[in-house]
1. Report, to the nearest whole %, how much of the accessible area of the range A:187-244 belongs to carbon and sulfur atoms, 1.4 Å probe, protein only.
2. Using a cut-off of 16 Å between alpha-carbon atoms, which aspartates and glutamates can reach C:LYS436, once sequence neighbours fewer than 8 places away in the same chain are excluded?
3. Taking the Cβ-Cβ separation of A:THR57 and A:HIS130 as r and a Förster radius of 30 Å, what is the calculated FRET efficiency to the nearest 0.05?
4. Nearest 500 deg cm²/dmol is fine: what mean residue ellipticity at 222 nm does chain B get from its DSSP H runs of n ≥ 4 alone, each adding -39,500 (n - 2.57), divided by its residue count?
5. To make sure I understand the rule: partners must be aspartates and glutamates, Cα under 19 Å from the Cα of A:LYS137, and not fewer than 8 residues away in the same chain. Which ones qualify?
6. Name the residues of the range B:271-298 whose accessible area falls by at least 50 Å² when all protein chains are present instead of the chain alone, probe 1.4 Å?
7. Assuming R0 = 22 Å, what is the FRET efficiency of C:GLN420 and A:ALA151, from their Cβ-Cβ distance, to the nearest 0.05?
8. With a length cut of 24 Å (Cα positions projected on each helix's long axis) and a Kyte-Doolittle mean of at least -0.5, go through chain B and give me the DSSP H helices that pass.
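The values are calculated or read from the model by the stated rules, or taken from the named source; none is laboratory data. None of these values were measured; they are calculated from a predicted model. Here the Cβ positions follow ideal geometry from the backbone for every residue, glycine too, while neighbour counts run over all protein chains shown. All accessible areas refer to the heavy atoms of the entire protein, side chains included, with ligands and DNA or RNA removed. Shrake-Rupley method; radii C 1.70, N 1.55, O 1.52, S 1.80 Å.
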Amino acid sequence: MGRKRSTPAVVHQLTKTEKWKIGLTIFTGKILGLLVVLAIMKMLPGIMATPASAAETYTAHETSMMNSINTVWTLVAAFLVFGMQAGFVMLEAGFARSKEVVNVLLECIFDTAICGILFWAIGYAFMFSHGNGFIGKNWFFLSGAPTTYEATGIPILAHWIFQFAFADTTSTITSGAMIGRTSFRGDILYSIGVTGFIYPIIGHWAWGPDGWLALMGSPGNFFPGLGQGFRDFAGSTVVHTIGGVISLAGALVLGPRIGRIFKRDDKEKGGLPPAHNLPLAAVGAFILWFGWYGFNPGSTLSAMDADGIGRIAANTTLAACAGSLTAMLLPLWLGPNKGKYDLPFTINGLLAGLVAITCPCYWVSPLGAILIGLIAGVVVYYGTLLLEHFRIDDPVGAVPVHCMAGIWGTLSLGLFASGQYGTTGPNGADVSATVKGIFYGGGWDVFEAQLIGSAVITMSTFIIAMILMWVISKFPYPWKLRVEPAAETGPGLDIFEHGASAYATQD
Amino acid sequence: MGRKRSTPAVVHQLTKTEKWKIGLTIFTGKILGLLVVLAIMKMLPGIMATPASAAETYTAHETSMMNSINTVWTLVAAFLVFGMQAGFVMLEAGFARSKEVVNVLLECIFDTAICGILFWAIGYAFMFSHGNGFIGKNWFFLSGAPTTYEATGIPILAHWIFQFAFADTTSTITSGAMIGRTSFRGDILYSIGVTGFIYPIIGHWAWGPDGWLALMGSPGNFFPGLGQGFRDFAGSTVVHTIGGVISLAGALVLGPRIGRIFKRDDKEKGGLPPAHNLPLAAVGAFILWFGWYGFNPGSTLSAMDADGIGRIAANTTLAACAGSLTAMLLPLWLGPNKGKYDLPFTINGLLAGLVAITCPCYWVSPLGAILIGLIAGVVVYYGTLLLEHFRIDDPVGAVPVHCMAGIWGTLSLGLFASGQYGTTGPNGADVSATVKGIFYGGGWDVFEAQLIGSAVITMSTFIIAMILMWVISKFPYPWKLRVEPAAETGPGLDIFEHGASAYATQD
Amino acid sequence: MGRKRSTPAVVHQLTKTEKWKIGLTIFTGKILGLLVVLAIMKMLPGIMATPASAAETYTAHETSMMNSINTVWTLVAAFLVFGMQAGFVMLEAGFARSKEVVNVLLECIFDTAICGILFWAIGYAFMFSHGNGFIGKNWFFLSGAPTTYEATGIPILAHWIFQFAFADTTSTITSGAMIGRTSFRGDILYSIGVTGFIYPIIGHWAWGPDGWLALMGSPGNFFPGLGQGFRDFAGSTVVHTIGGVISLAGALVLGPRIGRIFKRDDKEKGGLPPAHNLPLAAVGAFILWFGWYGFNPGSTLSAMDADGIGRIAANTTLAACAGSLTAMLLPLWLGPNKGKYDLPFTINGLLAGLVAITCPCYWVSPLGAILIGLIAGVVVYYGTLLLEHFRIDDPVGAVPVHCMAGIWGTLSLGLFASGQYGTTGPNGADVSATVKGIFYGGGWDVFEAQLIGSAVITMSTFIIAMILMWVISKFPYPWKLRVEPAAETGPGLDIFEHGASAYATQD
C-alpha cells in the first residue's frame, strides 16, 4: 500500500469532486470486495474444504509473526535478566565493608566479561548442544549451531543471550560468600572453572536436550519406574543452588575474613560486619526483583502461552512478598537484635522467596506461591543462623538465599504443584504434562524426582567446587585463592588489589 | 482501525504514483463495479447473508496472537511500573535525613510485601470485580475470577500484576510525607488500610467495571444530564491524588519532625532539611521516569492501538521535560535561594509533569502535553511554598507532586483534550468516543465531569484517611502512629527502630 | 521497498481517514482486479495457482498485528535507551569530584528537558523529514508529519520518542568532558546548539531519508563510483562520535579544571582526580549496558527480522565483554598503576566495546564482535593516555569512549562485515544488501565509504562545535561558558551554582 514513493508530483489540490469520487470508490470497493470474495468462495467448494486444516496449520505469515513475538519476549526477558547484574553488584557492594567495595565491583564486571567469552566458546556448547546425558558435544564457538534453538523457533543467538544472562547470574552468585578475602587472580581462575565448565556441564543434566536428570523416569533412562523427570522451570537448582553451593565451597576453603567475629547467641558480641551502604543494598534488591520478571516469565521462551506467563509473573511477585514478611518477623520476634525490624534479613527473605519460586513458578497457584515464599523466608532466617553457628563467613548471605532457598524451591514443586497447569507448543521447559504435588493428591513421585535431582546436583557441584577451590588455594602466590593477610589488615583489599578506594577523599 | 477519526490532522505528501493510482482505481472501480454487479446478479442472490464475518472476524490464530502481543505489552509495562519501586525508594531515601534512611528503605519493602498479599486477597476483588458502583464483591483471593480480564483478552493474572504494581505505587507515595517520625508499627497499620481498603474501594469508583464515577453522565447513573463520565486514563487521580492525599492526612496528624524549621520568606532561616544524598534522589527520578513508560502507555492493556501507545509515550516524555523547566526557573527567578538552579525543585517538577500527564495522556496532542507539563511545574512550585506556609512537613514533596499535580492533570483533560483521538477494540480505558476540551471548542462538559470526579475522590479520600490516621495516632504505645520523641532526638529513627545505620562506620 | 527516497513535492491536506481509504482502495483495487479477471474467466482451476501470490500479500489483520509487534519492540527499545540516562548520570556523577556532583545531576536533567522540547520543535524535522541531502525541511513541531514513519509502519510518535532518546544520549555524552568548570548558563546555551541544531542536522546526512552520506556511492549522488553508502546501524558515529567530538571541543575551549595535574609518565604525580563514588559509576556502567540492548537491537525498528535482533543483542554483549578485558589488562601490564586491576579503565573499556559495536552490530559475526570489542578496549586505553599527554581534562573519558571508539567502530564495519547478513522488509536501516568487509574478501569499498562518512562527520562536527563553544566562551558574564575561578576554588561548583551539596551534613 502506497509504500513506494518514487518520483514526486506536482502540487495538486484534491477537489471536492475527486474527494467524493474517492469516497464513493471506497464504498463500492468494499462492497465489491466482499461480494466477489464470497462469490468465489461459494463457487469453489474446494476452497471451503480447506479451512479446517488451515485452522490447525499455521501459515508462513503466522509462523513468522509468532517467532517474532516470541523472540521479542525472550530478548526483553534476557535484557531484564542481564539487568540483574546491576542489582547484584549493588547488593553485594552495599553489604560489603567499605574497604572491599571496589573489589566487588570489578569482580562483577570481570565475571560478566569472562562469562560472555566462555559461554560463546564452550559453555553454550556443553550445556545446550546434543551429546550425551552428561555433556553437550557440539556447537563450540557456536559453530554448527542451527539457526533456531530446538523447536522454539527463536533464533539461536536470542537463546544464547538469554542463557548467557543465566550463566552470568550463577557466576555472580558465586562471588557472594567469597567477598573480602579472595585474590583477583583467584577470582579469574575459579570464574573460568565455574562459567566455562561447572555450570554448563552440570546444567546440561537438567536443561540439556538430552540431560539425564530431565529424561530420568522415562523408559530407557535412569529410574524408569519413577515416571517423573527432574523439573526446574527457571533455575532454583540450576542457577541458584549451583551458584550458592560453589559460593559455600569457596567460603569454606577461604575461611572467614580477618577480624570477623561470630555471634552464636544473644550474649555474644559480633556477627556480620554492618553493611557499609544499606540504600545501595536495598535498591539492588528491588532491581533484582525487577530483573526476576525476565528470569521466571521469560523462561517460557514463548509468549504464546499467555496464561502461563501471567501466572508466573504473579507467582513470582507473591513469593517475594511472602518471603520478606517471614524474614522480617522471625528476627523481630526471635533475635538476634530482638524487637528490631531488620533490613538485611528482610532483603534476603525477599530474595529467598524469588529464588524458591523460580523452579515451581509455572506449576503452582498464587496461594502455593505465597506459602512457598513464606517458608523461603524461614529457610533464609535459620540458614543464616546456621552459617553463623558453623563460623562460615558469608558476607551477603549467598548460601542461605541461593543454595538453601534454591533447594527448598526445587523440592516445593513436589508439594505444591497443583496439577492444573500445562500447555502444548514449544516452550522453554516441557510443560505438556500437568504436574501434581503431594498436597494436591499427586503422590510422592514428583517430590522424589525433585529430591533426586536436587541432591545429585547439589552434591556433585559441592564436591567439584571444593576440589576446584582447594586446588586454587594451593597455587603459588600471587595466583592462590586468598590474598595475603597484609591485604586485609592494611588499608584494605581495594587499595591492595586496585589502588583505589570506593569513595575517594578529595581536597 | 481508526474509523472514528474524522478531524483532518495530517499533512500527507501525495506522490505522482499515488495520485495516479487513485485515478486509476477510481476508473477501474467503476468498470469493476459494473462487471461484478452483473456477475453477481446472475450468480448468487443470497450472498449478503454472511459477508461481514469474513473481513471483520479474527481467526483463532489471529486472536491467540493478539492476546499474546497484548499480554507481552501488559506484562512488560507491569514490570516497568514495578521497577518504579526502585526509583521511589531512591528518591525518598535520597531526600531524607541520613538518620531516617533505613526506615524509608524497609517501609518501602514492607509496603510492597503487604500490598502484594492484600491485593491478592481483597484489593483486586474490591477494585475490579463486579458488585455495585461503590465496591466490587467477587473474586476474593482471586477465587472465581475469569481466565481473562473483561474484554481485554489478557490473562487475569497479567491484569492482576499490572494493577498490583499500581496499588503498590499508591502505597509508596503515601509514605512520602510521613518520613522520619512514623513508627514502624504505625506504618504496618495504615498500610493495611491504604492498600487493602482505601485505594481499591475508591479506585473502584473510577476504574471498576461498574464504577459510579466512570458511568456518571450516562442514562440511569449519576448526573445523567452531564453526558460525560469521569476519565482517568492511567491514574493522575486514582493513583497519585489518592496517594498524595493520604500522605497529606498522615503529615497533618503526625505534625512536623522534631527540629523542622519552616521558612516562609527570604528573611527567615530554615526550610526543608537538605537531602542527605542528592545523587540517589536524582537517579531515582530518572528511574521513575523510565518506569512511567510502563505506567502510561501500558494502561492501554493492548498494543493493537499502535498510534495510541506511541502518542502516550511521546506525551509522557514531553510533559516531564516541560515540568522540570518551570520548576527550575521559578525558584531561580523568585526564590527561595534566588539565582540558584535548584535540583530538588527540578526533580519534583519533572515528576509533577509525569503525574499531570497520567490522566490525559491518551487524549491530548504533544503541544497539549507540553503545556500541561509546564503548568505542573508551576503547581509543584507554589504547592511546595504553600505547605511551607502552613507548616506542613513533607520531606519529599509528596503532596505537591502527587496530590496537587494529580488534581491539575485530571482537570487538564477538560481543557486540552483535542477531540482527535479514539479507537475501538478492547483497551484498558474506554476510548471509543473522542474527547474534546474547552480549549478545542468542546464545551464545559468534560471539564465538569473531571472536576466532579477529582473533587469526590480527593475529599472522600481525605476524610477517610484523616479518620484512619487519627485512630492509629490514638493507639497505645508501641502501636501508635508517631514514634516517641526519644526516637527522633537520640541517635535517630534508624537505630531506634532497626538497630542499624544506613552507612555503617567500620574500623 | 521504498529505498529510493526522493524529494516530495506536493503538500496536500489529506485526512487520516482519506489516507487510509486511499491505501485500502489501492489494495482492494488490486485484489478486485485479480479476482474479477478470474471470475470472468469462469473461475477455472487457475485459481489454485494463486496461493503463491496470496502468501506474499499480508492481510489487513496481519499488517495490523505486525505494526503492533514492531511498535511494541520500538517503544520498549526507546524506554531502554531513555533508561540509559540513569546510567549516564550515575557514571558521570560517580567519576566526578564530590563538589561538582549536583551540577552533573542537574545538567543531565536539564539537557534531557531541553532536548525533548527542541527535538519536538525542530530537531526531528531537521533530522528525519525530507528536504535535501543536508537538512530536513518539514515536520516542524511535528506538524505535517505522516502517521507512520516512512515504510516502517510504526507510528510517527513511536519513532519520535525512540529518536528523542538517541538525541538525548548525544546531549548527555557532550557534557562528559566538560564537567566541573562549565557554567550552568553556558550549559543551557551549548545544549540548545547541540540538540537543536548540530546533532539533528549532521545526523540527517547519515540517517535522513535523503541524507547525502547515506545515498553516497549511488548514481546521481556523491562519489557515485564508490558503490557503497555510509552505514551506521545504531550510531557509533551519529550519536557517539558526534557527542564525543563536541565534548572534546568543549574541553579544549574550557581548558582543564583548576588544580588538575596531568601525569604523563610513571614518574610524575597526578592524573585524573579519583572518582568520588565508584559504586555509583560501576552501577551506572551496568545500567548503560542494559540500556544498550534498546539502542542496538531496537534500531531495527522492527521485530520481523528475528534473526537480526538476536544477532545484534549477542554481538552487543560480546563486544562489551571483550572491551572490558583489554582495558583491564593493558593498564595492569603497562601502567599507570602497574599491577593494579583498574576499575575506571575497565568500565570505560566495557563502554568502548559497546560504542564500537553500535555501528557494525547488524553485519558482523559474534567472533567479529569480540575482535571489535577487544580493539575498542585498546583504543580507550591509548586514547586516555593521549588526552593526558595533551593535557586535556576529560573527567569521565567521554572522548576516548565515545569519539575514538565510535570512530573505530564505524571503520570496523569495513573490516569485519561478514557478508552473510541482510534481509528485506522495512527496517530502521537499509539492510537489503549484504555487506562484506576487507577481512572477509569484500574489498576496500565499504571501508572507504565508512572512512569518508566518519571523517566528514567528525571534522564537520569538530569545526562547528569549536565555533559554538568559542563564541559562548566570549559571552559576557554570567553567560560565558566557564565559571569564574572563585566558583571552582571556593566551596565548589555545587554550592556556587546550586546552593547545595550532593551529600549534606546534618546535625
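1. Values: 1020 of 1460 Å².
Here carbon and sulfur together make up 70 percent of the probe-accessible area.
2. C:ASP232, C:ASP445, C:GLU448
3. Numbers: r = 28 Å, r/R0 = 0.93.
The pair A:THR57/A:HIS130 has a calculated efficiency of 0.60.
4. On the way: 17 runs with 282 residues, N = 507.
Per the formula, -18500 deg cm²/dmol.
5. Excluding near neighbours in sequence, the set is A:GLU150, A:ASP210.
6. Buried on complex formation: B:LEU278, B:PRO279, B:VAL283, B:PHE286, B:PHE290, B:TYR293.
7. Taking R0 as 22 Å, the efficiency between C:GLN420 and A:ALA151 is 0.35.
8. Answer set is B:16-43, B:60-95, B:101-118, B:156-175, B:278-295, B:306-334, B:366-389, B:445-473.
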